[in-house]
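Worksheet: one structure, shown below.
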Amino acid sequence: MSDFKIFIRSIKDFPKQGIMFRDITTLLKDPDALKETINQLYDIAKDKNINKVVGIESRGFILGGALAEKLGCGFVPVRKPNKLPAERISESYYLEYGEDKIEIHKDAIQKGDRVLMHDDLLATGGTMEAACKLIEKLGGEVVQISFIIELSFLNGRDKLKNYKVNSLVVYDDEN
């Protein structure tokens, strides 16, 4: 199974008019597609000596945790503000209509950690770029970034040009 697009539902005008939402819940509910997705993401990362997987809220948690278990390493969540209970650091990033922020526990990454970053979708790249900055502030090394879906027409990869980026499914336009 290599064409994951058949398991991804496209929903027109969600969450607002003019947006084609790529829904992975249809992929997640199919046991064979889910297993194959995890296996392909694992195959990309297995030889990188990764000791932490960082998942971005919230869909990055789903497969990020599974990847951490399969790689035999720890999992670290990056969350929206005020969701983590212990001491944390934050990084701001820009959206189309404003600014947002993500956070990580200060003790989540140790100097020298080799980190796999994971999220479900690469759009403009702002969230992942901010998450990578958090890892580097704490002394970790971003070894690889993985996504299930990439919307290449939004040029998010440009913000991540200093990193190794892998996507299982690429959409070249909104259709």
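The values are calculated or read from the model by the stated rules, or taken from the named source; none is laboratory data. Source: prediction; values computed, not measured. Don't worry about glycine lacking a Cβ; one is built from the backbone with ideal geometry, like all the others, and counts go over all protein chains shown.
Suppose the filter is of a type in the set (A, V, I, L, M, F, W, C), farther than 21 Å from Asn162 by Cβ and out of contact with any His (no Cβ under 9 Å at 6 or more places or on another chain); does Ala86 pass it?
Criteria not met by Ala86.
Residues of segment 114-124 include none that is in a loop (DSSP other than H, G, I, E, B), modelled with pLDDT of 95 or more and either closer than 22 Å to Asn49 by Cα or of a type outside the set (A, V, I, L, M) (or both).
When Ile109 is tested against (1) surrounded by fewer than 22 Cβ atoms within 10 Å (Cβ to Cβ); (2) in a loop (DSSP other than H, G, I, E, B), only condition (1) is not met. Pairing residues of segment 14-32 that are over 14 Å from Ala123 (Cα atoms) with residues that are polar (S, T, N, Q) and surrounded by 13 or more Cβ atoms within 10 Å (Cβ to Cβ), at Cβ distances under 9 Å and at least 6 apart in sequence or on separate chains, gives Ile24/Thr37; Leu27/Thr37; Leu28/Thr37. The sole residue among Glu103, Glu57, Glu69 that is in contact with a Ser or Thr (Cβ under 6 Å, 6 or more places away or on another chain) and of a type in the set (Asp, Glu) is Glu103.
Each residue in segment 128-175 was checked for being assigned to a strand (DSSP E or B), charged (D, E, K, R) and under 20 Å from Ile50 (Cβ atoms), and 1 of them qualify.
Is it fair to say Leu41 is of a type in the set (A, V, I, L, M) and without any contact (Cβ under 8 Å) to a residue 24 or more places away in the chain? So Leu41 fails the test.
Kindly check whether there is at least one residue in segment 148-161 that is without any contact (Cβ under 8 Å) to a residue 60 or more places away in the chain, closer than 17 Å to Ile109 by Cβ and touching a strand residue (DSSP E or B) at 6+ places or on another chain (Cβ under 8 Å). Scanning segment 148-161, I find no residue that is without any contact (Cβ under 8 Å) to a residue 60 or more places away in the chain, closer than 17 Å to Ile109 by Cβ and touching a strand residue (DSSP E or B) at 6+ places or on another chain (Cβ under 8 Å), so the answer is no. Taking segment 89-118 as the range and being of a type in the set (D, E, K, R), touching a residue at least 40 places away in the same chain (Cβ under 8 Å) and farther than 21 Å from Gly72 by Cβ as the test, only Glu91 passes. Kindly evaluate Asp113 against the criterion of being in contact with a Ser or Thr (Cβ under 9 Å, 6 or more places away or on another chain) and farther than 24 Å from Thr25 by Cα. It is false that Asp113 is in contact with a Ser or Thr (Cβ under 9 Å, 6 or more places away or on another chain) and farther than 24 Å from Thr25 by Cα. Would you be able to say whether some residue in segment 79-88 is in contact with a Ser or Thr (Cβ under 6 Å, 6 or more places away or on another chain) and within 24 Å of Tyr42 (Cα to Cα)? No: segment 79-88 contains no residue that is in contact with a Ser or Thr (Cβ under 6 Å, 6 or more places away or on another chain) and within 24 Å of Tyr42 (Cα to Cα).
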